[in-house]
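Shown next, in structure tokens, is the structure this report addresses.
The values are calculated or read from the model by the stated rules, or taken from the named source; none is laboratory data. Since the model is a prediction, treat every value here as computed from it, not as a measurement. What goes into the accessible areas is simple: the full protein's heavy atoms, side chains included, and nothing from ligands, DNA or RNA. Shrake-Rupley method; radii C 1.70, N 1.55, O 1.52, S 1.80 Å.
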Amino acid sequence: MKPGYEPQPERLPAEANGLHPERESEEQAGSFWAWLTVLYAPGDTMAHALSRFNLLLQWSVLALAAGVIGGLTAYAAYVRGLLFEQWGEFLASGELALGSAFLPAFVLLSGLGQAAGMAVSVLVPAVILFSFLRLGGEMVSFDRVLGIMILSFTPVLIGQVVNLLLLDYGTLLVAKTSAAYALLGMVEHPFMLALLSSVDVFDLWRYALVGLGLSRVARIPLASGMGLAMGYWAVSVIVLSLLAFIGESRLW
């Protein structure tokens, strides 16, 4: 043995210490695509916590996608004359040209509004559901709940694309995937119309994913996770519909 040489401790495989570097690197590498994998592997996707960097990345990507879809919807509505027909006599002489001049700003503002709405619709339920879980004694981090809300927004984006493709004359303000469209012409009360407009297939899909995610990260029964998610959805639908009805009543 050479002078000054000290034997080095034997290195054990990473797996012997409970570490799986290959698996962790795969999860981190695939985390960007979690907003897609949540569609066909929701349980496994929700079970893996994303880093804060990836949470912000996912949030930014989805907000950008929502903004683009919102801008395209506004542009499509203009091209087909839907918005102006809804607003009265905007198609009168000279006013259409004026509308064309403001079209870029209108599309940009619509896109920014959609992106901001997406950010708020992720953050608010994340804070409320996190608070309920902590009050119930569940030790779950806010990052995990926020990640669930971000990833579960993917079906909403799909619904927005579907409604953009199905955009037609006379039903601009009614989503084709909502209960209001299915009962169009049968329900006339403003509050019921607002309520049914909020009952959307893709929103139900979203909160089903939220319930599944909560059950996985908080380690609670699936029924409890679904009950918490759907309970929040039902209350929020009623409250938002009531506010929309009050606002419309005051406007007219």
Taking θ as phi - 60°, what are the ³J(HN,Hα) couplings along the range 145-152 by the Karplus curve (6.51, -1.76, 1.60), each to the nearest whole Hz, with x for Gly and Pro?
5, 4, x, 4, 5, 5, 5, 6
Heavy-atom accessible area of ARG134, protein chains in place, probe 1.4 angstrom, given in Å² to nearest 10, is 100
Could you sort PHE102, PHE130 by their accessible area in this structure, using a 1.4 Å probe and putting the largest first?
PHE102, PHE130
So LEU204 and ALA223, fully extended at 0.36 nm per residue minus their Cα-Cα distance, gain in nm 5.3 nm
Nearest-10 value in Å² for the accessible area of PHE153, using the 1.4 Å probe
10
